[in-house]
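Asks: One structure, pasted below without further comment.
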Amino acid sequence: MDNKPLTLLILNGKGAGNDDLREAITTLREEGFNIAVRVTFEKGDGDRYVKEAIALQAETVVAGGGDGTINEIATALAASDADHRPVLGILPLGTANDFATSVGIPEEMEPALRLAIQGKANAIDLARVNKSHYFINMATGGFGTRITTETPEKLKSALGGVSYFIHGLMRMDTLKPDTCEISGPDFAWQGDALVIGIGNGRQAGGGQRLCPGALINDGRLDVSIVTAQELLPTLLHSLTGDDDNPGIVTTQLESLTIRSPHEMTFNLDGEPLSGREFVIEVMAGALSCRLPPQCDLLA
C-alpha cells in the first residue's frame, strides 16, 4: 500500500457519517490507494491538518465538505510553501456545493473521490481580501449576503440550494441596498447595489449564477453589480438566463477596492467578513486543483 502516494482526506465533521463515502474509501484502499482521513471538529483544524499533510509529504489534500470547507483548506494550502504544496481535491458534502457544482465535480462519492485523487492537476486562481482573507469561489455582498447568512439551517437541510432563494423571497420586506463605490484599473462605479458578486467561480447561494462567464484560471475576477430596483425579476433572470440583464453592471478586474460609508458584509465562500473597505486581488495560479477533463471554468 505504501508504494502509492499519500492522499489526506480532510472531512468536515458533518459529513463524517456518510456511508457512501465510507464505502468509496474502502473500495479505493482495496485497490491499493493510500488514503488517510482526518475529521474537523473546531476552527483551525483544517489548517492543522494541511500542515500535517505537508509533513507527511502527501501528494493530495482532499477537502470533503461544502464551500466553507473548501475555502478553509484552500486558504491553508495557499499559505504553505509552494515547493511542498499538495494538490487540492474536492469532495462535495455541503448544502449548496456551489464551487464543486460549477466546476463539474461528480455528486456520487466514488467517482468524486477517484477524481480528487487521480484527476489532472490544474493551476487555478485564488482571491485575497484585505491581505488576510481568501475566497476560491465567490465573494457576495448586499441583499444576497444577508439571505445566505440568515437562511435557517433546517431550511437548508430540507431544500438544499433552493432554500436560499425561497428565504430571500420571504425576506423581501427587509430589502435595503448598500451604498458603495467600486474601483479598479480603468473601472469606477458608485451607487446603490442590491447584490454584488465578485466571482472566481460562477455561482453562489445555492445556484445563483451571479458571474456566469467567470473562469478560475484567467487571472481575473468577474464583477456583477445588481442595481435594479426590481429585485425579483433580476433574481429570477440570474437563475434562468446567462444573457445580458439591464439591471446588472459587469466587468472583469485583476484587483478592485470597495468602499462604503457604512459597514457592509461580504460572504467569502459563505464566511462573513464585515468592514467599510475591501481590497480584493487575484493570486493567479496560486493553487493546483484536480478537476474534470472538460471543466467549463478553465480557460
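Asks: Mind giving me the FRET efficiency for R22 and S80? R0 is 22 Å, r the Cβ-Cβ distance, nearest 0.05 is fine.
Replies: On the way: r = 29 Å, r/R0 = 1.30.
It comes out at approximately 0.15.
Asks: Sort F187, F278 by heavy-atom solvent-accessible area, probe 1.4 angstrom, most to least.
Replies: Working: F187 35, F278 5 Å².
Result, largest first: F187, F278.
Asks: Using each residue's phi in segment 254-269, evaluate 6.51 cos²θ - 1.76 cosθ + 1.60 at θ = phi - 60° and report the 3J(HN,Hα) Karplus result to the nearest Hz, with x for Gly and Pro.
Replies: 7, 7, 7, 10, 10, 10, 9, x, 10, 5, 10, 10, 10, 9, 9, 6
Asks: Further, regarding this structure: First check a/c for segment 1-121, with a ≥ b ≥ c the square roots of the eigenvalues of its C-alpha gyration tensor; if it is under 1.5, answer rounded, and if not, answer prolate when a/b is larger than b/c or oblate otherwise.
Replies: Working: a/c = 1.37, a/b = 1.04, b/c = 1.32.
Rounded shape, in that the Cα axes give a/c under 1.5.
Asks: When a/c is below 1.5 the answer is rounded, else prolate if a/b is larger than b/c, else oblate, so apply that to segment 48-91 with a ≥ b ≥ c taken from the square roots of the Cα gyration tensor eigenvalues. The partial results should precede the final answer.
Replies: Working: a/c = 1.96, a/b = 1.61, b/c = 1.21.
Prolate.
The values are calculated or read from the model by the stated rules, or taken from the named source; none is laboratory data. Note that this is a predicted model, so its numbers are computed, not measured. Methodologically, a virtual Cβ is constructed for each residue, glycine included, from the backbone with ideal geometry; neighbour enumeration extends over all protein chains shown. All accessible areas refer to the heavy atoms of the entire protein, side chains included, with ligands and DNA or RNA removed. Shrake-Rupley method; radii C 1.70, N 1.55, O 1.52, S 1.80 Å.
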